[in-house]
Amino acid sequence: MKMVTRANLTTWLITMIAMGFIEVDTVAAATYMVGDGLGWTVPSNVSYYQSWAASKTFMVGDKLSFNWTGTHNVAEVSKAEYDNCTQVVSVLGSPVEIPLLKGGSNYYICTVDSHCNLGQKLSITVESSTVAPTSPSNSASSTTFDSSVLVPAFITIACLNLLCHNTRH
């Protein structure tokens, strides 16, 4: 049987405690129904979709869900095509979910008739990271000790001390 040494136990303990302080941010991707209750249609206010998007934080991995009834479509376009409501060939039918695969600006328009000029267009900014930067003044106060980490760590320390004590006799 392999001898348990204090050095091995100490190394194991330090590793376990360090792992307890590693923060893993697991946030599920969100799916946004474009326009919420209005859906994807010609809005009564040309800035409707920009106001809708302004209240959201879009992250890489999220999805946009476009749903409509009637004669509409959606096309992902460049900024120039968005600004000019340029008719493009590549359009998608309803319903469609578009995954947000990269950070930066994304532009969507309806290419039916003058729908884009009437406000059926959407511009969003996608954030590429879920980790918010911490300013140096806040970094000390942002350190928290979660009891779900500390309690098992202390139990482990106690058990290891007992194990070391018992292996010496």
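For the range 31-64, enumerate the residues that are basic (K, R) and either part of a loop (DSSP other than H, G, I, E, B) or on the phi > 0 side of the Ramachandran plot (or both). Please lay out each step first, then the result.
First, the residues of the range 31-64 that are basic (K, R): 56, 63.
Of everything in the range 31-64, just one residue is basic (K, R) and either part of a loop (DSSP other than H, G, I, E, B) or on the phi > 0 side of the Ramachandran plot (or both), namely K56.
When the range 68-85 is examined, which residues are found to be open to solvent by less than 50 Å² (accessible area, probe 1.4 Å) and farther than 11 Å from C110 by Cβ?
From the range 68-85, those open to solvent by less than 50 Å² (accessible area, probe 1.4 Å) are 68, 72-75, 77, 82, 85; that's our starting set.
Result: Y82, single match.
Each residue in the range 34-55 was checked for being closer than 22 Å to K102 by Cβ, in contact (Cβ under 8 Å) with a residue 40 or more places away in the chain and either among the polar types (S, T, N, Q) or open to solvent by 50 Å² or more (accessible area, probe 1.4 Å) (or both), and 1 pass. What number of residues in the range 88-115 are under 16 Å from S128 (Cα atoms) and among the charged types (D, E, K, R)? Looking only at that region, the number is 1.
The values are calculated or read from the model by the stated rules, or taken from the named source; none is laboratory data. Note that this is a predicted model, so its numbers are computed, not measured. All Cβ positions, even for glycine, are placed from backbone atoms using ideal geometry, and neighbour counts span all protein chains on display. SASA here: full protein model, heavy atoms, side chains in, ligands and nucleic acids out. Shrake-Rupley method; radii C 1.70, N 1.55, O 1.52, S 1.80 Å.
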